[in-house]
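First comes the structure, then the notes that go with it.
The values are calculated or read from the model by the stated rules, or taken from the named source; none is laboratory data. Keep in mind that this is a model prediction, so the values were computed, not measured. Cβ: placed from backbone, ideal geometry, glycine included. Neighbour counts: every protein chain shown. Quick note on the areas: whole protein, heavy atoms, side chains included, nothing else; ligands and nucleic acids left out. Shrake-Rupley method; radii C 1.70, N 1.55, O 1.52, S 1.80 Å.
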Amino acid sequence: MTPAARETMTPQGASSALSLFRFSLALMVMAEHLSGLVPPQTGRLAVEAFFCISGFLISMVATTRYAGRPAAFLANRFLRIYPTYWACLAVGLLVVAFLPSVDALHPSLRLPDGAHDWAANLAVFGLTQETVSRLLPAAWSLHTELWFYLVIGLVTAAR
């Protein structure tokens, strides 16, 4: 077995190889959004594969680095996502509030019109592709990601 093959068998090597694959999946999503030249459903399949790989990697992190510390795992996930998300949400709010025709860019770019939409935009939970107003249209995917983190944190807590 070559040294390179041996390296990819370690958690660090597997993580690096899968991160490269996740990057290529993200490029596939961008290609579908920016071009009509890719086969239909390329982006959707890439997103689903991305979630599967991310779930595997996050499970590996939760059971190694955060083994026996589910609260630390969930706190780390919260701090990695929410401060940046809320900063971007503030920018999105300003854009939607001050550019009257911004909904021409994306139909969900509009001020939330009810408590449910405001809560979904602020908390991410409940923010799906069907949410009428999304100040950050692509943020619907965070909803799925956060459920992964919560379930993984609870499962590792139960172990």
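To the nearest Å, what is the center-to-center distance of the range 26-80 and the range 87-159, using C-alpha atoms only?
Each part's Cα centre sits 17 Å from the other's.
For the range 69-78, just list the computed ³J(HN,Hα) in residue order, Karplus coefficients 6.51, -1.76 and 1.60, θ = phi - 60°, integers in Hz, with x standing in for Gly and Pro.
10, x, 5, 5, 4, 5, 5, 4, 4, 4
If you roll a 1.4 angstrom probe over the protein chains with everything in place, what fraction of the accessible area of the chain belongs to carbon and sulfur, to the nearest %? Mind dumping the intermediate values first?
On the way: 7060 of 10060 Å².
Carbon and sulfur atoms account for 70 percent of the accessible area of the chain.
Let me know the charge dipole size of the chain about its Cα centre in debye, to the nearest 20, where only the beta-carbon of Lys, Arg (+1) and Asp, Glu (-1) is charged.
Working: 10 positive and 8 negative charges, 125 e Å.
Taking the Cα centre of the chain as origin, the dipole is about 600 debye.
Which whole-number percent gives the relative contact order of the range 68-151, counting Cα pairs below 8 Å spaced six or more residues apart?
On the way: 75 pairs, mean separation 22.4, N = 84.
Computed value for the range 68-151: 27 percent relative contact order.
Going by average Cβ neighbours within 10 Å, how do the peptides 53-61, 17-25 rank, with the highest at the top?
Numbers: 53-61: 15.8, 17-25: 13.9.
Highest to lowest by the protection proxy: 53-61, 17-25.
Give me a comma-separated list of calculated 3J(HN,Hα) values for the range 126-139, in order, Karplus coefficients 6.51, -1.76, 1.60 applied at θ = phi - 60°, integers in Hz, x for any Gly or Pro.
Once rounded to whole Hz, the list reads x, 8, 10, 5, 8, 4, 4, 10, 10, 5, 10, x, 7, 5.
What ranking do 121-127, 108-114, 30-36 get when scored by the average of other Cβ atoms within 10 Å per residue, highest first?
121-127, 108-114, 30-36
Using the Cα centre of the range 9-127 as origin and beta-carbon charges of +1 (Lys, Arg) and -1 (Asp, Glu), tell me which of Ala115, Thr42, Ala67 is placed farthest towards the positive end of the dipole.
Value computed over the given set: Ala67.
Roughly how tilted is helix 11-34, in degrees to the nearest 10 and between 0 and 90, from the longest Cα axis of the chain?
That works out to roughly 30 degrees.
If you average the sequence gap of Cα pairs under 8 Å that are 6 or more apart and divide by the length of the chain, what percent do you get for the contact order? Intermediate values should be presented prior to the final figure.
Numbers: 130 pairs, mean separation 31.1, N = 159.
Relative contact order, the chain: 20 percent.
Just to confirm the number: angle between the C-alpha axis of helix 140-158 and the first principal axis of the chain, 0 to 90 degrees, nearest 10?
For helix 140-158, the angle is close to 40 degrees.
Consider the candidate values (1) 22, 19, 17; (2) 28, 20, 15; (3) 32, 22, 12; state which one is semi-axes √(5λ) of the Cα gyration tensor in Å computed from the structure displayed.
(3)
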